[in-house]
Amino acid sequence: MVIGSGIVGAALADRLAGEKAEVVLLEQGRPGQATSRWSLAWLNAAAKTPQAYHRLNADGMRAWARLATGLNGATWYRPVGNLQVADAGRREQLEATVARARAWGYAAHLVDREEAARIEPTVRLPDTASRNLRLAWFPQEGYLLTEPLVEQLVARARQRGASVRTGEAGRVTGIERVAGRVTAVRTADGERIPADTVVCCAGRWTSEVAAMAGVRVPMVDPEPPGSTAPGFVARVGPVEPSPTRVLHTPGVNLRPHGPRTVHLEAGDMTADLHTPETHLRDLAHTLLDRARQLLPGLSQARVQEYRVCVRPMPADGMPVVGTVEAVPGLYTVVTHSGVTLAARLAELVTRELLEDIRLPQLEPYRIERFTATSPQ
């Protein structure tokens, strides 16, 4: 039983079904339409630390390359590279990131303005304070188009025999335990579905779902004003010509999103679940104004859509992956780096589940590092 069909749950259900496991995938909405739909969807590992976590993310990028060869990757896989621009306040940090990444065998290069212009000719870098800018190129990075990807993962899981239940039939209202062991899931339509193993891939709802089995998974609470879990994104267009690369700059981060559309974010664009609609609209237009300074092709662009999305953020920033020793039959997978990690986690978690083993790559991320259980 896999609860949640964002990018992590969809990739896992597809992998399990491909290994002939009997899979039920539960989703309270539409597959891939929550956080996965609004993600920057940036494939990256350069700045990830410590080294074991960097390696897991680099493995995640390679896992998507493998998956793309058999799942129509032309429709969703974009290994186009990432161009990063740092101002005076962050140039030393960017230099350190490049040096560390190169020491770990990861492709990373400091570049000058001329090289950056060849890499992404649609960008106009600011002339002011140009001496203080530092630029870096990470050619192995890129992004995913998550909507067609999740759609194809779920469709292939179905073809491989998985049962996919959505809406009230996929909304979990209870997890049953007998003698401490998980035995079944109850859904909002009143059905009781027996399960040998329940895998919680519920993203931002992980805490609530795990609590049904008596397990506490510390996550950043998205509800309080000022919470860091919500993030603001906007999509704008038309853009002509369109950029090709992922771009990170002091004022805005962006990537292409479909025909003549650009996805925009910025680290200082804070919004939460209580931000008034009028302010959100202003934020979207501010993002567009910043992007226009970089991309002349946005001169005629308008804001097409914007959203506050809630990112699944474990309390210590690291993934939570593995069985819950005190609750046999429950397995949890939640991470802020879901897009980069999903394909590799699907490979590793499938092995752990079907071979009943514990893989060393996942040992740093076990739930027992901070999880308490409540009596049944």
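Points worth noting:
- Test: VAL85 is farther than 21 Å from ARG66 by Cβ and either open to solvent by less than 20 Å² (accessible area, probe 1.4 Å) or of a type in the set (Lys, Arg) (or both): yes
- The residues on offer are ARG118, ARG55, ARG124, ARG102, and the sole one that is at pLDDT 95 or above and exposed (fewer than 14 other Cβ atoms within 10 Å of the Cβ) is ARG118.
- Identity of the residue in region 186-195, over 21 Å from ALA34 (Cβ atoms) and either basic (Lys, Arg) or in contact with a helix residue (DSSP H, G or I) (Cβ under 6 Å, 6 or more places away or on another chain) (or both), that ends up surrounded by the fewest Cβ atoms within 10 Å (Cβ to Cβ): ARG192
- If you filter region 196-232 down to residues that are over 16 Å from the mean Cα position of the chain (by Cα) and hydroxyl-bearing (Ser, Thr, Tyr), you find that the one that is surrounded by the most Cβ atoms within 10 Å (Cβ to Cβ) is SER207.
- Answer from LEU83, LEU94, LEU56, LEU71 - the residue that is in contact (Cβ under 8 Å) with a residue 40 or more places away in the chain and in a loop (DSSP other than H, G, I, E, B): LEU71
- When residues of region 1-52 are limited to those that are assigned to a helix (DSSP H, G or I), polar (S, T, N, Q) and out of contact with any Pro (no Cβ under 7 Å at 6 or more places or on another chain), the one surrounded by the most Cβ atoms within 10 Å (Cβ to Cβ): SER36
- Residue check: ALA96 meets all listed conditions (1) hydrophobic (A, V, I, L, M, F, W, C); (2) open to solvent by 30 Å² or more (accessible area, probe 1.4 Å); (3) under 24 Å from ARG290 (Cβ atoms) but one, namely (3).
- SER207 being free of Cβ contacts under 8 Å to residues at least 24 places away in the same chain, within 30 Å of HIS274 (Cβ to Cβ) and among the polar types (S, T, N, Q): yes
- Hey, THR173 modelled with pLDDT of 95 or more and either part of a loop (DSSP other than H, G, I, E, B) or open to solvent by 10 Å² or more (accessible area, probe 1.4 Å) (or both) or not: yes
- Test: residue in region 140-163 that is open to solvent by 30 Å² or more (accessible area, probe 1.4 Å), hydrophobic (A, V, I, L, M, F, W, C), in contact (Cβ under 8 Å) with a residue 12 or more places away in the chain and not in a helix (DSSP H, G or I): no
- Test for ARG30: is it charged (D, E, K, R), within 30 Å of GLY251 (Cβ to Cβ) and in contact (Cβ under 8 Å) with a residue 12 or more places away in the chain: no
The values are calculated or read from the model by the stated rules, or taken from the named source; none is laboratory data. The model shown is predicted, which means the values in this text are computed figures rather than measured ones. A quick note on method: Cβ atoms are made from the backbone with ideal geometry, for glycine too, and the neighbour counts reach across all protein chains shown. Ligands, DNA and RNA are stripped out before the accessible areas are found, and what is left, the full protein with its side chains, is counted by its heavy atoms. Shrake-Rupley method; radii C 1.70, N 1.55, O 1.52, S 1.80 Å.
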